[in-house]
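The structure appears below as structure tokens.
The values are calculated or read from the model by the stated rules, or taken from the named source; none is laboratory data. These figures come from a predicted structure and were not determined experimentally. Cβ placement follows ideal geometry from the backbone for every residue including glycine, while neighbour counts extend to all protein chains displayed. Remember, those area values only see protein heavy atoms, side chains included, never the ligands or the DNA or RNA. Shrake-Rupley method; radii C 1.70, N 1.55, O 1.52, S 1.80 Å.
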Amino acid sequence: MRLENGKYHIIPHGIRAPPPFPVGANNLGGPVDPVVVAGINKVWIVRKVSEDKYVLILEQGGRKWIGYGQGDNVLVGEMPQVAEWAIRERKPEENAYSIEEPSDRWPTRAWAVESTLPETKVKLRIFELPEHAHLWTFHYLGPLALEE
């Protein structure tokens with residue numbers, strides 16, 4: 001199942017203790033903020049731009065922050081250009097996806113989280129094989145408004 005455009009919570013998949021919280025960002029007053037577990041702003045706009053590529057956006061007070069990778073960190077920031085992610089379904093029966101830097105070859109870097117404790121940063125990790133990539137569940141919250 002491909003993700004449809006809409007608003008989502010993105011939740012670490014397969015981690016049971018402590019129960020996983022959605023990922024997001026805390027302080028969106030500055031130009032850049034890390035993506036963390038249990039971020040205050042955690043409703044993601046997911047917009048498809050091509051076959052399996054998407055943009056991930058957090059919005060607060062009419063301002064939009066694009067999710068992008070820098071070094072080993074997943075960040076959100078006000079960016080003039082679009083940063084794309086390859087979101088690939090890995091376990092259809094569990095609604096589990098990987099979020100990767102766009103590439104048709106392995107190894108690739110994908111979103112990963114060490115724990116589901118609040119404030120744990122989402123990092124980019126190299127995965128040699130697709131089945132070893134960390135997985136995420138997209139919890140659908142609703143459609144996008146016409147202007148989004």
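Which ones in region 105-148 are of a type in the set (A, V, I, L, M), more than 13 Å from the chain's Cα centre (by Cα) and closer than 22 Å to residue 92 by Cα?
129, 133, 141
So residue 39 clears everything in (1) open to solvent by 30 Å² or more (accessible area, probe 1.4 Å); (2) in a loop (DSSP other than H, G, I, E, B) except one condition, right? Which one?
Condition not satisfied by residue 39: (1).
Could you tell me which residue of region 64-110 is nearest to residue 127 (Cα to Cα), considering only residues that are among the β-branched types (Val, Ile, Thr), out of contact with any Asp or Glu (no Cβ under 9 Å at 6 or more places or on another chain) and open to solvent by less than 60 Å² (accessible area, probe 1.4 Å)?
99
What number of residues within region 9-35 are surrounded by 14 or more Cβ atoms within 10 Å (Cβ to Cβ) and under 11 Å from residue 116 (Cβ atoms)?
Here the count works out to 8.
Cβ-Cβ under 6 Å, sequence separation 6+ or interchain: first residue in region 87-107 and more than 20 Å from residue 47 (Cα to Cα) and part of a strand (DSSP E or B), partner open to solvent by 80 Å² or more (accessible area, probe 1.4 Å) and of a type in the set (Ser, Thr, Tyr). Which pairs?
none
Kindly list the number of the only condition in (1) modelled with pLDDT of 90 or more; (2) farther than 25 Å from residue 90 by Cα that fails for residue 38.
Just one mismatch for residue 38, condition (2).
Taking residue 47 and the conditions (1) outside any loop (DSSP other than H, G, I, E, B); (2) touching a residue at least 24 places away in the same chain (Cβ under 8 Å); (3) under 21 Å from residue 120 (Cβ atoms), which numbered condition does it fall short on, given that it satisfies the others?
(3)
Working only within region 127-140, note down all residues that are part of a strand (DSSP E or B) and open to solvent by less than 80 Å² (accessible area, probe 1.4 Å).
127, 136, 137, 138, listed by residue number.
Go through 14, 24, 71 for me and flag whichever is small (Gly, Ala, Ser), within 17 Å of residue 110 (Cα to Cα) and either modelled with pLDDT of 95 or more or within 12 Å of the chain's Cα centre (by Cα) (or both).
Matching residue, one of 14, 24, 71: 24.
Check residue 121 against each of (1) surrounded by 14 or more Cβ atoms within 10 Å (Cβ to Cβ); (2) modelled with pLDDT under 90; (3) basic (Lys, Arg) and name the one condition it does not meet.
The failed condition is (2).
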